[in-house]
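The values are calculated or read from the model by the stated rules, or taken from the named source; none is laboratory data. Quick caveat: nothing in here was measured; it's all calculated off a predicted structure. All Cβ positions, even for glycine, are placed from backbone atoms using ideal geometry, and neighbour counts span all protein chains on display. Please note that ligands, DNA and RNA were not included when accessible areas were found on the heavy atoms of the full protein model with its side chains. Shrake-Rupley method; radii C 1.70, N 1.55, O 1.52, S 1.80 Å.
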Amino acid sequence: TDQGGGTGTVTWKSDRDYLISGFVFVNDGQTLTIEAGTVIRARTGQGSLASALIVARGGKLIAEGTNTAPIIFTVEGDDLQGSIPLESRGLWGGLIILGNATINTESGEDLIEGIPISEPRGVYGGFDDDDNSGILQYVSIRHGGTNIGEGNEINGLTLGGVGRQTIIDHVEVISNADDGVEIFGGDVNCSNLVVSFCGDDAFDLDQGYHGKGQFWLGINSTDSDQCAEINGGLQAVPALPGSQPLIYNVTLIGNPYNREEPAVHFLSYGGGSFNNSIFLHPGTGVKVRYSNKPGDSYSLFESGRLSLKNNILYPAEDPVPSFFCYSELGEDLSSQNLVMADSLASWKTSYEDPGISSGDGYTLLPPSTEFENLAPYSHDWFEKVTYKGAFGSKNWIEGWTLLYESGYIND
């Protein structure tokens, strides 16, 4: 529990049981180290009784699990042997990490969602994109998303103003009531993320997020929203970083029974780029909000700051509507949509079967992983691979994720 003093600088050890009750913070100046193989459970409860672990600005979380000994966050009473049904959601809060990196607000700061406004340790943002909030590796976050009131749920993993010196890779979020991973601004780079069966979006990138991502897997359930949402904010500030994530090698699997939701939705001044990726069951494809305002998502497309290069959309019954803009005011956008449809060809979009089957389980390793038409990798941070989507010859989710352990993934 936390009466204001936070966790302190301490190590949580794998041979002990940990129970989080209420909001527990890693305060400014504190470092919480969690050993590989440690299981952290959280008490159930809604509203003021919600439980979550929050790393405040200036605090650090060093959570280095391994492929054979992941760090697990779950709900009280989970025996890790099936006592909690796989798709149970909203049983506790989630993991929130806050930093001092730049975000797109007028003040350069904001209060993270999911935390009461009376809590000063919930503030994030600043002016240091090199900020370091620690390490998050081989971590599984299960059954979260408590509603703290008025439809304000906690995401599985929330990153607010997190800087690029923070290391985040091999993180699973499964069965969260809200978004799986939501990133508010900052410049943190994330690789090998697995999000499945969440109640809202798999990935939600907001408020000027300008980091990089590679090897992301998102699997929607029948009641999920879109696979990925990129949102610049309700009123983006032009002088500050816009939402310009640079993403490679993503596999997004939408709901095959619902064509109403898109695979990717750019809205409210959100831009960025998805490359060498696979969108399976993409619904309406990729949609872009047009508001006829400077810096809106359509204008970012026009200026080359919103793109989708060398991706696969499958199945695509009609490729033309797979990439389109829309307006909530009902304008005629037929000429704009013709331009957008033409761009899919210039971006070498293909509609071939990637060899990923869906049904009782998913096969993530295509019969052929080699592709000739790949977008070049634009930064040394990216691993330069010769395949599209999140998987090549190695199924990297095996051994540490509940998704694989539950039999939804097979080779």
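Figures for the structure shown
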read-out: Approximate shape of the chain as ellipsoid semi-axes (Cα gyration tensor, √5λ), whole Å, largest first; value: 33, 25, 19
read-out: Ranked by how many other beta carbons lie within 10 Å on average, peptides 152-160, 246-254 from highest; value: 152-160, 246-254
read-out: Probe 1.4 Å, protein heavy atoms only - accessible area per residue of the chain in square angstrom; value: 38 Å²
read-out: FRET E, pair residue 394, residue 260, Förster distance 35 Å, beta-carbon r, rounded to 0.05; value: 0.50
read-out: Residue 10 paired with residue 36, simple spin-label distance in nm, labels 7 Å along Cα-to-beta-carbon; value: 2.4 nm
read-out: Whole-percent carbon and sulfur share, accessible surface of the chain, 1.4 Å; value: 48 percent
read-out: Residue-span extension gain [residue 302 to residue 410] - 0.36 nm each, minus C-alpha spacing; value: 34.8 nm
read-out: Estimated FRET transfer efficiency when R0 is 35 angstrom, pair residue 118-residue 83 (beta carbons, to 0.05); value: 0.50
read-out: Tilt relative to the chain, helix 334-346 - C-alpha long axis, 0 to 90 degrees, to 10; value: 80 degrees
read-out: Flagged links, alpha-carbon separation over 21 Å, of 60/384; 348/388; 293/348; 287/309; 212/388; 212/309; value: 60/384; 293/348
read-out: Segments 18-25, 54-61 sorted - mean Cβ within 10 Å per residue, highest first; value: 54-61, 18-25
read-out: Which of 393, 83, 224 is most accessible, then next, and so on - probe 1.4 Å; value: 393, 83, 224
read-out: 9 Å beta-carbon shell around residue 84, net charge (K/R +1, D/E -1); value: -1
read-out: Residue with peak Gaussian network fluctuation, the chain [Cα springs, cutoff 10 Å], from 245, 282, 315; value: 315
read-out: Share of alpha-carbon pairs per 5 Å distance bin for region 127-255, given as whole %; value: 2, 12, 21, 24, 22, 13, 5, 1, 0
read-out: Charge sum, other residues only, whose C-beta stays under 12 Å from residue 123's C-beta, Lys/Arg counted +1 and Asp/Glu -1; value: -2
read-out: Sum of side-chain charges, residue 26 neighbourhood, beta-carbon under 15 Å (Lys, Arg +1; Asp, Glu -1); value: -1
read-out: Helix-derived mean residue ellipticity, 222 nm - over the chain, DSSP H n ≥ 4, -39500 (n - 2.57), to 500; value: -1500 deg cm²/dmol
